[in-house]
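Inspection log for the structure reproduced underneath, given as structure tokens.
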Amino acid sequence: MQVQYIFSSFSSELEVSARYLIAVYLQRSLKERELIYTEWFKKGKFNKEAFFEKYSVDINTVAVTEEFNRHKAWIRVSQLRATPTVLVNGYKLPDNYKIEDLKYFIDLEFEI
């Protein structure tokens, strides 16, 4: 099972946050990412300058810019309007599920 998070912004003022979340993914370890993302979505996004200082990453690298542009292009094509958007095997996770619910589906076998 492949899970993807699509981070984007729907206004130019929010682009720095999307770039930050992408930079965290590219520049931090899995354990650090889990901590940073959890804190960000609980409360960090409400005081982003302090949060960015606490968990510093470089949002202006070529890799971050390229990934951010891929996310923006994908958002335009898919017409999704929420961030983060969670994809499971390329499909949007339905709104009535949380990412934590996937553990109940991992061992299921499906006929196609």
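Tell me, Thr38, Thr65 in order of fewest to most beta-carbon neighbours within 10 Å? Kindly include the intermediate steps, with their values, before the conclusion.
Working: Thr38 11, Thr65 14.
Lowest count first: Thr38, Thr65.
Counting other Cβ atoms within 10 Å as a rough exposure proxy, the listed residues Tyr55, Tyr91 run Tyr91, Tyr55 from fewest neighbours to most. Taking θ as phi - 60° and the Karplus parameters 6.51, -1.76 and 1.60, the scalar couplings of segment 64-70 work out to 5, 4, 5, 5, 4, 5, 5 Hz in sequence order, x denoting glycine and proline. Sorted from longest to shortest, the spans of the Cα atoms of segment 7-83 along the three principal axes equal 33, 25, 20 Å.
Only the coordinates and a few stated rules stand behind these numbers; no lab work does. For clarity, every value in this text was computed on a predicted model and none was experimentally measured. Positions of Cβ are generated from backbone atoms using ideal geometry, with glycine treated the same way; all protein chains shown enter the neighbour counts.
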